[in-house]
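Each remark here refers to the structure printed beneath this line.
The values are calculated or read from the model by the stated rules, or taken from the named source; none is laboratory data. This structure is a prediction, so every number in the text was calculated from the model and none was measured. Don't worry about glycine lacking a Cβ; one is built from the backbone with ideal geometry, like all the others, and counts go over all protein chains shown.
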Amino acid sequence: MTDSLGITKDGIDLALKVKSSYKTGDPILVPGDADRILMPEHLLNKGIDLTAFEDPMPLALVSARDPEPPMAVAAALRLSPIAGSKRLINGVFEIIGETTKHQQVKTCIDMVTESDFNPQMINKLHGHAAQFIARARKQYTDALRANLSALMDGDLAPKLFVHQFFELTEAGNLRSDIRKKLVCSLLLSKTIRPGIKFLFLENISRFPQAVRHAIISDLLKAPNHEHIALIKEELRWIAGEEVWLSSSRA
């Protein structure tokens, strides 16, 4: 059911779920699709129906609360046409611009409101946002490479490397297939110590279910070498635990 402001119950429920995700550090997923992490590109693509994410409530929350500028900017732009047509949402939009910690979001909102929500201005900002997202993702990817080099040189502690790996891949909004490829490469590498690999396995629950399953599937099919048999044994145990938990919830 939708009210005159375009606010739906599903949108409110999603906003509460997103708020919880920010508190726990879990990735935000595309509504109704546990296999895909929500990306800035999803929010910028006006041709994609994001169901409950079309509601102003979750969009406003991401605009105001997301720790990373690319996601916050993309959400603000997705919210812009709604804010231009709904007086109350317009007020919320302005508050976001006044309270955001991201200068990019403030600049975006100022330019949209000063243009009186001109569609041409919003489209122009979409182009700038896409370039900004690409630059930010490259910076995070470069940081991952630098950390791996520091780990191999003994200049970065394993626990810190793993911790920052998850932080950088999440903050950089790396695609699910890229995350899977990175983790599989690290776990199959003959130059990465077993202790570091088991640190990754301890944190594998931080990936969405589909990414976890893809990692487990690829690794179980890999040829055995040195300690990979121990990794596979641990992965089978993790997979078995997930099956048990799923059946117990049913």
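Close Cβ contacts (under 6 Å, 6 or more residues apart or on different chains) running from residues in region 210-227 that are in the same structural domain as LYS190 (by TED's automatic domain parsing) to residues that are surrounded by 13 or more Cβ atoms within 10 Å (Cβ to Cβ) and of a type in the set (Lys, Arg) comprise VAL211/ARG179; VAL211/LYS180; ALA214/LYS180; ILE215/LYS180; LEU220/LYS232. Checked against (1) part of a helix (DSSP H, G or I); (2) within 18 Å of LEU59 (Cα to Cα), LYS101 passes all but a single condition, namely (1).
Tally up the residues in region 87-117 that are buried (at least 18 other Cβ atoms within 10 Å of the Cβ) and either touching a residue at least 24 places away in the same chain (Cβ under 8 Å) or within 24 Å of GLY25 (Cβ to Cβ) (or both), please. Summing the residues that are buried (at least 18 other Cβ atoms within 10 Å of the Cβ) and either touching a residue at least 24 places away in the same chain (Cβ under 8 Å) or within 24 Å of GLY25 (Cβ to Cβ) (or both) in region 87-117 gives 10.
Scanning region 179-217 for residues that are β-branched (Val, Ile, Thr) and farther than 16 Å from LEU148 by Cα, we see that the one that is modelled with the lowest pLDDT is VAL211. In region 157-195, of all residues being more than 11 Å from the chain's Cα centre (by Cα) and of a type in the set (Gly, Ala, Ser), the one that is nearest to ALA130 (Cα to Cα) corresponds to SER185.
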